[in-house]
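Participant: Dumping the structure here so I can ask a few things about it.
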Amino acid sequence: MADSADTIFAISSGPGRAGVAVVRVSGAKSGAAIAALTAGAPPPPRTAMLRRIVDPLTGEAIDRGLVLWFPAPHSFTGEDVAEFQVHGGRAVLAALFSCLGAIGCRPAEAGEFTLRAFRAGRIDLAEAEGLADLLAAETPMQRRLALKAMDGEMSARIEAWRQGLIRILAHVEAVIDFPDEDLPGGLNALSRESLRQLSEDIARALERSAGAAVMREGFTVALIGAANVGKSSLLNKLTGSEVAIVSPIAGTTRDVLTVRLDLEGYLIELADMAGLREAGDAIEAEGVRRAKGRAELADLRLLIVEPANPSPPAEAKSLLKPQDLLVLNKADLLGAEDARAMAKALGPGAILASAKSDDGHAALLHALAAKVKALAGSVSDVSFARARQVQALQETQGALGRALSAGEGQDELLAEDLRLAARALGRISGRVDVEDLLDVIFSEFCIGK
């Protein structure tokens, strides 16, 4: 990140033409920016005032808009902050940015406002990541998950665990530092039970992390099957749009085509891909290779067959897992009784569908929703969805396991494991050892946040 002493500015309301654009300024020159651009003192704190905004060099009017003033430390960044709510035309914004640059402010980098808030102690790292996830949320479940982190619920849980560890560590270190005192060594029964309970709490959190990751990142579904069984047609039906090219020519789909879908509040990514068969040329062979790779990584595979060839190809069978779904497409080519008989022969849970009608689509979407709900669980409790958070919990769990197995006379080793556990927890909220992570984490934000 650039010099934190600079005064920075950016549009915080998103790019593009709009009725209103919000331009935020943070740093020591924020008050001077208001004075220069409005020819007046900043308004009372947190009070919006309509001002004429002018070019300080020429006196030319730029716009009329609302101006707000948030003096330090009572602002998002903890610094002096000015906010200009102007009309969202490009010419207005270009002129405003030019004037801000002329008085010594510079454009903000991605995530720089939030990084300053973190450095000022206004938010911790878990809350900052929750904010980033909220900005990126596409579905209600993603929004709920992000809000729990942004509102501090995750931080509160982490801090309660960490403080409990510190109390136990204090006792162990007292034994080490004051050997002449009459203090019981190692872990007493109460401390050991507290550590065991903490270890169990973290184990439960780790069990839920896979589901939380699905909520945050999306549930991936690969549509697999032989060529020309109607995968692309079914994708178009499920998404309600013509996103895939449909042709009676086998092998039309050669690359992996993904579509994101909000299904009952969960983000689903459907992947259409090349039919699994012996490729006819080098391009199709690459498409088949990519299809297999994507199908192996997917959370769920949707195996699609047709009445003319209800047996899936060997390449598809090798990719299947017990939780996957089987769909008999083109069921409209059969009579109702024959279709049901064929679906029954394919095995329990086989779903009848037709890309030419709406038959079976509701049942298929319901089955997909049930699968993702079973994997994701709920957001009624704090969930750790990011890989770095999960890694820190795993490190904590490992250190706690070693501490619980420490024998008599191993107080120094016990204390070190407790310190490692507390440090790993502290990294989640940003209390220790996170400086090298900051650029990576905050670069995920949009400009202006």
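The values are calculated or read from the model by the stated rules, or taken from the named source; none is laboratory data. Note that this is a predicted model, so its numbers are computed, not measured. Neighbour counts are summed over all protein chains in view; Cβ atoms, including those assigned to glycine, are modelled from backbone coordinates with ideal geometry.
Participant: Starting from segment 338-354, take each residue that is within 19 Å of PRO322 (Cβ to Cβ) and list its partners that are in a strand (DSSP E or B), counting only C-beta distances under 6 angstrom and pairs at least six apart or across chains.
Facilitator: From residues that are within 19 Å of PRO322 (Cβ to Cβ), the pairs are ALA343/LEU328; ALA343/LEU352; LEU346/LEU326; ALA350/LEU326; ALA350/LEU328; ILE351/VAL327.
Participant: What residue, among those in segment 424-449 that are hydrophobic (A, V, I, L, M, F, W, C), at pLDDT 70 or above and closer than 15 Å to GLY130 by Cα, is surrounded by the fewest Cβ atoms within 10 Å (Cβ to Cβ)?
Facilitator: Among those that are hydrophobic (A, V, I, L, M, F, W, C), at pLDDT 70 or above and closer than 15 Å to GLY130 by Cα, it is CYS446.
Participant: Exactly one condition in (1) in a strand (DSSP E or B); (2) at pLDDT below 85; (3) out of contact with any Pro (no Cβ under 8 Å at 6 or more places or on another chain) is false for VAL305; which is it?
Facilitator: Exception for VAL305: condition (3).
Participant: Condition (residue is at pLDDT 90 or above, on the phi < 0 side of the Ramachandran plot and of a type outside the set (A, V, I, L, M)) applied to segment 165-188: is it met by at least one residue?
Facilitator: The answer is no, given that none of the residues of segment 165-188 is at pLDDT 90 or above, on the phi < 0 side of the Ramachandran plot and of a type outside the set (A, V, I, L, M).
Participant: Also, I was wondering about something else. For segment 18-106, list the strands (runs of 3 or more DSSP E) that sit wholly inside it and hold at least 1 residues that are within 22 Å of ALA5 (Cα to Cα) and not hydroxyl-bearing (Ser, Thr, Tyr); which are they?
Facilitator: Result: 18-26, 61-70, 81-88.
Participant: Of all residues being more than 19 Å from VAL172 (Cα to Cα), part of a helix (DSSP H, G or I) and aliphatic (A, V, I, L, M) in segment 380-423, which is nearest to the chain's Cα centre (by Cα)? Just the residue, please.
Facilitator: Across segment 380-423, the extreme among qualifying residues is ALA387.
Participant: With the structure loaded, tell me whether PRO44 is surrounded by fewer than 16 Cβ atoms within 10 Å (Cβ to Cβ) and at pLDDT 95 or above or whether it fails that test.
Facilitator: Yes, satisfied.
Participant: Quick check, is LEU115 part of a helix (DSSP H, G or I), more than 30 Å from GLU408 (Cβ to Cβ) and not assigned by TED's automatic domain parsing to the domain that holds GLN397? First the steps, then the outcome.
Facilitator: Details: part of a helix (DSSP H, G or I): yes; more than 30 Å from GLU408 (Cβ to Cβ): yes; not assigned by TED's automatic domain parsing to the domain that holds GLN397: yes.
Spelling it out, LEU115 is indeed part of a helix (DSSP H, G or I), more than 30 Å from GLU408 (Cβ to Cβ) and not assigned by TED's automatic domain parsing to the domain that holds GLN397.
Participant: What's the total number of residues in segment 134-154 that are crowded, with 23+ Cβ neighbours inside 10 Å and under 26 Å from GLU79 (Cβ atoms)?
Facilitator: 3
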